[in-house]
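Worksheet for the structure shown next.
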Number of protein chains: 2
Amino acid sequence: MSARVVPEGSRQRRRPTKQGAVLSERLIVDTALRLVAQHGAEALSVRRLGAALGADPSALYRYFRNTDALLLAICDEIIGRAQEGWEASGDWRTDLRAMGMRIHGSYVSQPQAALLAAHRTTGRPNETGAVEKILGILRDGGFPDPLAVRVYHAFVDQALAFAAQDAAASALPKAAGEADTEVWGDVYGRLPTETHPNIAATYPLLVADMRDSGYPFALELMLTALETLHPDAAGHPRKARRQAP
Amino acid sequence: MSARVVPEGSRQRRRPTKQGAVLSERLIVDTALRLVAQHGAEALSVRRLGAALGADPSALYRYFRNTDALLLAICDEIIGRAQEGWEASGDWRTDLRAMGMRIHGSYVSQPQAALLAAHRTTGRPNETGAVEKILGILRDGGFPDPLAVRVYHAFVDQALAFAAQDAAASALPKAAGEADTEVWGDVYGRLPTETHPNIAATYPLLVADMRDSGYPFALELMLTALETLHPDAAGHPRKARRQAP
DNA sequence: GACCTTACGTCAACACCATTGACGTGTAAA
DNA sequence: TTTACACGTCAATGGTGTTGACGTAAGGTC
C-alpha cells in the first residue's frame, strides 16, 4: 500500500465513482475549500469530504498520501489567490505594504482554511512564487542580502501570524466568540482603578481599538523601522514620508 | 449530566481513585503540562491524561466541562508563568522587550495550549494583570493614551500571533514537522536561477535564518519604530541607542 | 456511631476520526 | 481482443471526545 498515489501529471484512467463523480486533485481541493467555507473547519474530515464528493472516503488516498498532504494543497491554493493580479510598483514600501495586506486579506477571507494553513511550509508553486516576489522587492529595493533575508522572514511570519490570529477570531465557534467579546465588557469594564489603573484610564479607547485587527498598524510600524535600517538612511535619516520628496 | 462540574472553591469530598490518586483542578493542570513537556503535543488526550493521573478518563469531566475548558485553564497557568518574577526596569524599551520575549517564550514552551489559547480572551486574573502591566509600561514611558492603546494592541497581538505561529510548528505531528523541514532542502534548494533568481541567490542565508523564530527580530523592528513615534523623538530624532547618552 | 445525601470515580457505550489491506471492475493501451 | 493495472469500494483496526447509569464512600447531622 506504499505507492498508492499516482501523481496528477501521469493520471490517465478516469473511472467515475458509483455516484458518477470523476475525481481529480483539483476537484478535491475545491470541494474541500467549499466544505470549509460553508460548514467550518471542523467539518473537514476525510469521511465528510468523501461524502461531499460522492465517493468512498478512502478514494482520497489515491490522490493524497494522507490528510496532511491534502491540507498543504489547500494552503497553496489560498496563497495563489492572494497573489492573483499583483504587479510590482517599484517602490519597496508600497510593494511590501500591498503584499502584506494581500496575504493577510486572502487568509482572513477563508478563515477556516487559513487556520489549517497558516503555519505550514508547502513548497508548492504558489508558495515559492510568493517567496521569490517578496525577496525580489527587498533586494531590488536596495537591502543587502543578509538583511533582506532577515527582513523577509520577519515580514512573512508577521503577515501569516496575524492572518491566523484574525482568522481564528472569525472562525471561532459562535458561543466561544461571543464569550470572548463579553469579557471585554463584563471583566475589563469593571476592573477598579485601585488594582488596574491603566486599564481603567484607557478603557473606552481600548474597547474601540480592540474591535479591529492590529495588523495594519503593526505592518506600518515594521515599514517605519525598515526605513531606519535601509542603507540609504545611514547618514541622512530621511523623514520617512511616503509622498514625493 | 448538565451540572456535572463542581467549581473548585466548593469542593469538599476528596475521594481517591482506584489507584490512589486524589484529583484536583491543580493536579490535573500540572499533570497535563508535564505530560506535554515529556511526551510531546500529541500525547495530550483525555484518555492518556486519565492514565497519567491514575484515574478513569471520564473523571476529568467532573473538573472541566470539556477539553476546551481544560486547555483554557492550562493557558491561564502559562500566562501566569510568563510574568513570574518580572520587575519593571523603568525603561520602556527594556520592559517591552522583556515582556514580549517572556510571553512568546512561555507560550512556545506549551505549544498545544498556546494554539488553543493565543486567540482567546479569558479575562482571568493572570491575563488582566498582563494587560495592566503592558499598558503601564507604555503610559509611564511617555506615550499619550491614544497612541499607547494602539501600540498596546499591535504589541500584544504580535507577541501572541508569533507565539501561536511558532507553537504550531512545534505542535505539528512529528511526520508533518519533518516534512516541512525537508521542503527547505528538497524544494527550495533545487529551484533554478532562471525561474527563482532571488531564492537561488540567497538560499544558504534563507535556510540558516528560517531555522529560528522570526519573532525576536520582528520585536526589535517594532521597538525601533516606536522610538520614531515616541513624543521625545519629535524635534530631535535621537540615534535610537540603548546605551546611556 | 448511625443515617442520609450526594460528589465523584468507574464502566460501558456511542459516534466520530484517519488509515490500510484486499478485492474486483472498468479503462486504456497493446 | 486481450491484458494489465489504476482506482473506487468494502471492511476492519485502533484511536478520539463525550455521556448516561451506577454504586461507593465521604461529610454533615443527630
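The values are calculated or read from the model by the stated rules, or taken from the named source; none is laboratory data. The structure presented is a predicted model; accordingly, all values stated were derived computationally and were not measured. A quick note on method: Cβ atoms are made from the backbone with ideal geometry, for glycine too, and the neighbour counts reach across all protein chains shown. Remember, those area values only see protein heavy atoms, side chains included, never the ligands or the DNA or RNA. Shrake-Rupley method; radii C 1.70, N 1.55, O 1.52, S 1.80 Å.
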Exercise. Shortest first, in nm, what separates the label point of A:Gln19 from those of the same position in the other copies (7 Å along Cα→Cβ)?
Worked result: 4.3
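Tell me the mean residue ellipticity at 222 nm calculated for the protein assembly as shown from its helices only (DSSP H runs of n ≥ 4, each -39500 (n - 2.57), averaged over every residue, nearest 500).
Values: 20 runs with 299 residues, N = 490.
Using -39500 (n - 2.57) per qualifying helix, the result is -20000 deg cm²/dmol.
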Exercise. Between A:Ala233 and the same site in the other copies, what are the distances in nm, shortest first, taking label points 7 Å from Cα along the C-beta direction?
Worked result: 0.8
Exercise. How much solvent-accessible surface does B:Trp184 expose, in Å² to the nearest 10, with a 1.4 Å probe and all protein chains in place?
Worked result: 40 Å²
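Using only atoms on other chains, find how many Cβ atoms lie within 10 Å of each Cβ of peptide B:120-127 and report the average. Walk me through the intermediate numbers first.
On the way: counts 8, 10, 4, 9, 2, 2, 0, 3.
That works out to 5 on average.
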For this session: Would you be so kind as to identify which of B:Leu172, B:Tyr188, B:Val149 lies farthest towards the positive end of the dipole of the stretch B:138-219, taking Lys and Arg as +1 and Asp and Glu as -1 on Cβ and the Cα centre as origin?
Result: B:Val149
For this session: May I ask you to derive the relative contact order of chain A, considering only C-alpha pairs under 8 Å and at least 6 residues apart, and to give it as an integer percent?
Result: 16 percent
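Would you mind working out the magnitude of the charge dipole of the stretch A:89-233 relative to its Cα centre, with +1 at each Lys and Arg C-beta and -1 at each Asp and Glu C-beta, to the nearest 20 Debye? Present the calculation step by step, with values, prior to reporting the outcome.
Numbers: 11 positive and 18 negative charges, 75 e Å.
Once rounded to the nearest 20, the dipole reads 360 debye.
To the nearest whole number, what is the average tally of beta carbon atoms from other chains within 10 Å of the beta carbons of peptide A:60-68?
Working: counts 0, 0, 0, 0, 0, 1, 3, 1, 6.
For this peptide, the per-residue mean of nearby foreign Cβ atoms is 1.
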Exercise. Taking a temperature of 10 °C and a viscosity of 1.306 mPa s, what whole-number D in µm²/s does Stokes-Einstein yield for the stretch B:133-204 with Rh from Kirkwood over alpha carbon pairs?
Worked result: 101 µm²/s
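Quick check on the protein assembly as shown: take the gyration tensor over C-alpha atoms, sort the square-rooted eigenvalues as a ≥ b ≥ c, and tell me if it's rounded (a/c under 1.5), prolate or oblate.
Working: a/c = 1.93, a/b = 1.04, b/c = 1.85.
Taking the square roots of the gyration eigenvalues as a ≥ b ≥ c, the protein assembly as shown is oblate.
Using the Cα gyration tensor of the stretch A:89-233, with a ≥ b ≥ c the square roots of its eigenvalues, what is the shape: rounded (a/c below 1.5), prolate (a/b larger than b/c) or oblate (neither)?
Working: a/c = 3.25, a/b = 1.61, b/c = 2.02.
Note, shape of the stretch A:89-233 comes out oblate.
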For this session: Work out how much length B:Asp145 to B:Asp68 would gain on full extension: take 0.36 nm times their residue separation and subtract the Cα-Cα distance, in nm to one decimal.
Result: 24.2 nm
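Kindly compute the accessible surface that chains A and B hide from a 1.4 Å probe when together, both sides summed, and give it to the nearest 100 Å². Before the final figure, lay out the partial values.
Working: alone 15040 and 14990 Å², together 24470 Å².
Between A and B, the summed buried area is about 5600 Å².
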Exercise. Once the Cβ-Cβ distance between A:Asp56 and A:Ala233 is put in as r, and R0 is 35 Å, what FRET efficiency do you end up with, to the nearest 0.05?
Worked result: 0.05
Problem set entry | Cα-projected label distance for B:Trp86 with B:Arg4, points at 7 Å along beta-carbon direction, nm | 3.6 nm
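Ignoring trypsin sites (Lys or Arg not before Pro) that are buried or in helix or strand per DSSP, and keeping those with at most 16 other beta carbon atoms within 10 Å, what is the longest stretch of chain B between them?
Details: sites that count: B:Arg4, B:Arg11, B:Arg13, B:Arg14, B:Lys18, B:Arg65, B:Arg211, B:Arg238, B:Lys239, B:Arg241, B:Arg242.
In short, B:66-210.
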Exercise. How big is the stretch A:21-164 on each of its three principal axes, counting only the C-alpha atoms and giving the largest first in Å?
Worked result: 54, 25, 24
Exercise. For chain A, which longest stretch is free of loop sites, where a loop site is one of the GluC sites (Glu not before Pro) that DSSP puts outside H, G, I, E and B and that has at most 10 other Cβ atoms within 10 Å?
Worked result: A:88-193
Exercise. Within 10 Å of each Cβ of A:15-23, how many other protein chain Cβ atoms are there on average?
Worked result: 0
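Please give the FRET efficiency for A:Arg13 paired with B:Asp30, using the beta carbon to beta carbon distance and R0 = 51 Å, rounded to the nearest 0.05. Provide the component values of the computation, followed by the final result.
On the way: r = 56 Å, r/R0 = 1.10.
Once the sixth-power term is evaluated, E becomes 0.35.
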Exercise. Between copies, how far does the label point of A:Arg190 sit from its twins, in nm, shortest first, when each point is 7 Å from Cα along Cα→Cβ?
Worked result: 6.1
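Given a Förster distance of 56 angstrom, what is the FRET efficiency for B:Glu182 paired with A:Glu194, based on the Cβ-Cβ distance and rounded to 0.05? Please report the intermediate quantities before stating the final value.
Values: r = 55 Å, r/R0 = 0.99.
That pair, B:Glu182 with A:Glu194, gives E of 0.50.
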Problem set entry | Shape box of the stretch B:8-65 [Cα atoms, principal axes, largest first, Å] | 34, 23, 17
For this session: Report B:Met210's accessible area, 1.4 Å probe, all protein chains in place, as a number in Å² to the nearest 10.
Result: 50 Å²
Problem set entry | Cα-based Rg and Dmax for chain B, where Dmax is the largest Cα-Cα distance (Å) | 22.5, 72
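Given N residues in the stretch A:1-99, what is its alpha carbon radius of gyration divided by 2.2 N^0.38 Å?
Numbers: Rg = 16.9 Å, N = 99, 2.2 N^0.38 = 12.6 Å.
Rounded to two decimals, the normalised Rg is 1.34.
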Problem set entry | Distance from the stretch A:75-139 to the stretch B:83-116 (C-alpha centre basis), Å | 29 Å
Seminar exercise, completed: Taking the dipole of the stretch B:8-65 about the Cα centre (Lys, Arg +1; Asp, Glu -1; charges at Cβ), the one of B:Leu35, B:Thr17, B:Gly54 that reaches farthest to the positive side is B:Thr17
